[in-house]
Amino acid sequence: MIIFFSLLAVVLIAATLPLVMELLIVTSALFVPRRRTQSSPSQKLGRLTVVVPAHDEELLVGRCVASLRASAGKAAQILVVAHNCTDGTAERAREAGAEVLVYNDPKAQGKGHALRTGFAAALAAGADAVAVVDADSTVSVNFVPMIHQALSEGADALQCRYEMKSTTEKGNSGLASLAFRGFTFIRPMGRDRLGLSSGILGNGFALTAKTLREVPYEAFSLVEDLEYHLHLLKAHKRVRFIEYAIVSAELPVATTAEVSQRARWEGGRIRVAKMWTLPLLREIARGRFSMVEPLMDVAGLPLAFGVSALITVSLIPLHVARIYGLLSLALVLTHVLLAAWAGPNFFRTLRLLVMAPFYILWKFRLVPRLIRASHSQAAWIRTGR
């Protein structure tokens, strides 16, 4: 029996160690003083184009464009790429004041193709930098000015704070929003504090024209943002995190839409992990130890599955396993509390944690979908509203 428990502990510790190391790195970094940045521009940023990839978003694209216009004024061009649309997305975008590029190619499925087409059009028109905002999102008023400032200070690429808000009282949605904040705010901010690349989250990021020419956008998976960030890392490019410029979207209200969205995201990450684990290990073997954190991020279990495994480790009747499990769970709790503190309604969020076991069980129901998504090619499936 001891042999069985020992083997089980080894398997579970090996499975959870990347997640634990990732959380240890990024969470502890929040207690490190902020890094100083340049206070004056080192170069003048010329033309900025905000590319808005849109697939059947006639209901929300006008709101997105209006938000961008309020932020940009005359400081940026807004280009909506209406990709394989079957509704009035292009018309609504024009009415709101955006330039529109209609791109129809049934063979080019997925957001990555829309981004590559929009980037190419922007660069051909003379853009010095591009930013990306999804058509179902809105931005803070300081969004475009802060992008201008950061790129003028010499950043190759940047990621703004990305919030996914829950608009219902459902416990699952509130916990999903909390988990998302940990992933899109706590982790990038921790990386940035350490001088690491903060990552690209697919919405609210920006790149200079020079960066795009040196690292062409050739990412077409279900998680094209993660894939492209890994290409940037391989090319020694760092993404800065801009925490005070915010892009916001809403979690799906319908359960079926939420399930589909989570399955695509996490299944896509599994696929990228299979493709990139060995290349990242080779980079580390060559002496690039800054790639350790990206490797932990790629190889780490989703938080809900990791917590389940750590609880199991804590119950194994072996002293070392219990210490590892309990310390790791304390680290997870610290990470979650920081994410809750960074969002609205801290005490209401704490009350939602009572629902965490049910949320974890709900996530386990997604496992068959995650497996299917990890084997599928990218397809742009509009999230139901």
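Based on the mean of other beta carbon atoms within 10 Å per residue, what is the order of 55-66, 101-112, most packed first? Intermediate results must be reported in sequence, preceding the final value.
Details: 55-66: 21.2, 101-112: 15.8.
Peptide ranking by packing, descending: 55-66, 101-112.
Using Cα-Cα distances under 8 Å and only pairs 6 or more residues apart, what relative contact order does segment 48-267 have, in percent? If you can, show how the numbers build up before the last one.
Details: 425 pairs, mean separation 53.1, N = 220.
Reported relative contact order: 24 percent.
Sort out for me the Cα centre separation of segment 318-344 from segment 176-195, rounded to whole Å.
Taking the Cα centre of each part, segment 318-344 and segment 176-195 sit 15 Å apart.
Mind putting a number on the dipole of the chain about its Cα centre? Charges go on the C-beta only, +1 for Lys and Arg and -1 for Asp and Glu, and I need it in Debye to the nearest 20.
Numbers: 43 positive and 29 negative charges, 147 e Å.
That gives the chain a dipole magnitude of about 700 debye.
Would you grab the residues whose amide H sits under 5 Å from the one on Glu250? Only those 5+ places off in sequence or on another chain, please, with H modelled 1.01 Å from N.
Lys165
Sort the following peptides by mean Cβ neighbour count (other Cβ atoms within 10 Å, averaged over residues), highest first: 183-193, 348-358. Don't skip to the end; give the middle numbers.
Values: 183-193: 22.7, 348-358: 14.5.
For the peptides 183-193, 348-358, the packing ranking is 183-193, 348-358.
Please get the size of the charge dipole for segment 48-267, origin at its Cα centre, with Cβ charges of +1 on Lys and Arg and -1 on Asp and Glu, quoted in debye to the nearest 20. Spell out each step's value before the answer.
On the way: 23 positive and 25 negative charges, 126 e Å.
Here the size comes out at about 600 debye.
Convert each backbone phi in segment 120-130 into a coupling constant with the Karplus relation 6.51 cos²θ - 1.76 cosθ + 1.60 (shift: θ = phi - 60°), then list the ³J(HN,Hα) values in order as whole Hz, x for Gly and Pro.
4, 5, 5, 5, 5, 8, x, 5, 8, 7, 10
Lys/Arg Cβ at +1, Asp/Glu Cβ at -1, dipole of the chain taken about the Cα centre: which of Val52, Ala66, Phe289 is farthest positive-ward?
The listed residue farthest towards the positive side: Phe289.
Apply 1/(1 + (r/R0)^6) to the Cβ-Cβ distance of Arg213 and Leu281, taking R0 = 30 Å, and write down the FRET efficiency to the nearest 0.05. Please list the in-between numbers first.
On the way: r = 29 Å, r/R0 = 0.96.
With a Förster radius of 30 Å, E is 0.55.
Compute the relative contact order of the chain as a whole-number percentage, counting only Cα pairs closer than 8 Å that sit 6 or more residues apart in sequence.
Values: 679 pairs, mean separation 87.8, N = 385.
Relative contact order for the chain comes out at 23 percent.
What list of ³J(HN,Hα) values in whole Hz, one per residue of segment 146-163 in order, does the Karplus curve 6.51 cos²θ - 1.76 cosθ + 1.60 (θ = phi - 60°) give from phi, with Gly and Pro shown as x?
Using θ = phi - 60°, the values come out as 6, 5, 4, 5, 5, 5, 5, 7, x, 5, 6, 7, 8, 10, 8, 5, 10, 10 Hz.
If you take every DSSP beta bridge whose two residues both sit in the chain, what share of them, in percent to the nearest 5, is antiparallel?
Details: 9 of 34 bridges.
Percentage antiparallel, nearest 5: 25.
Determine ³J(HN,Hα), in whole Hz, for all residues of segment 316-327 in sequence, where each value follows from phi through the Karplus function 6.51 cos²θ - 1.76 cosθ + 1.60 and θ = phi - 60°; x replaces Gly and Pro.
6, x, 10, 4, 4, 4, 5, 4, 4, x, 5, 5
Which GluC sites (Glu not before Pro) in segment 131-201 sit in a loop by DSSP (not H, G, I, E or B) and have at most 10 other Cβ atoms within 10 Å of their own Cβ? Please list the in-between numbers first.
Values: sites: Glu153, Glu163, Glu169; in loops: Glu153, Glu169.
Passing sites in segment 131-201 are Glu169.
Just to verify a number: FRET efficiency for Leu361 and Ile311, C-beta to C-beta distance, R0 = 22 Å, to 0.05?
Working: r = 13 Å, r/R0 = 0.57.
For Leu361 and Ile311, the calculated efficiency is 0.95.
Relative contact order for segment 112-233: what percent, with Cα pairs under 8 Å and sequence separation of 6 or more?
Numbers: 119 pairs, mean separation 44.1, N = 122.
Value for segment 112-233: 36 percent.
Looking only at segment 48-267, where both bridge partners belong to it, what percent of the DSSP beta bridges are antiparallel (to the nearest 5)?
On the way: 9 of 34 bridges.
Percentage antiparallel, nearest 5: 25.
Hey, what angle do you get for helix 255-285 against the long axis of the chain, alpha-carbon based, 0 to 90 degrees rounded to 10?
80
Would you compute, from DSSP H runs of 4+ residues alone, the mean residue ellipticity of the chain at 222 nm, taking -39500 (n - 2.57) per run and dividing by the full residue count, rounded to the nearest 500?
Details: 16 runs with 205 residues, N = 385.
Taken over the chain, the calculation gives -17000 deg cm²/dmol.
Any idea what the dipole of segment 101-221 comes to, in debye rounded to 20, about its Cα centre with Lys/Arg Cβ at +1 and Asp/Glu Cβ at -1?
Working: 12 positive and 11 negative charges, 58 e Å.
About 280 debye.
Considering the dipole of the chain built from charges on the beta carbon (Lys and Arg +1, Asp and Glu -1) around the Cα centre, which of Val102, Gly190, Pro368 is farthest to its positive end?
Gly190
Highest mean first, what order results for 197-209, 332-344 on Cβ atoms within 10 Å?
So the peptides 197-209, 332-344, ranked by packing, come out 197-209, 332-344.
FYI, it's all coordinate maths here, none of it is from the lab. No experiment lies behind these values; they were computed from the predicted model shown. Positions of Cβ are backbone-derived with ideal geometry, glycine not excepted, and every protein chain shown enters the neighbour counts.
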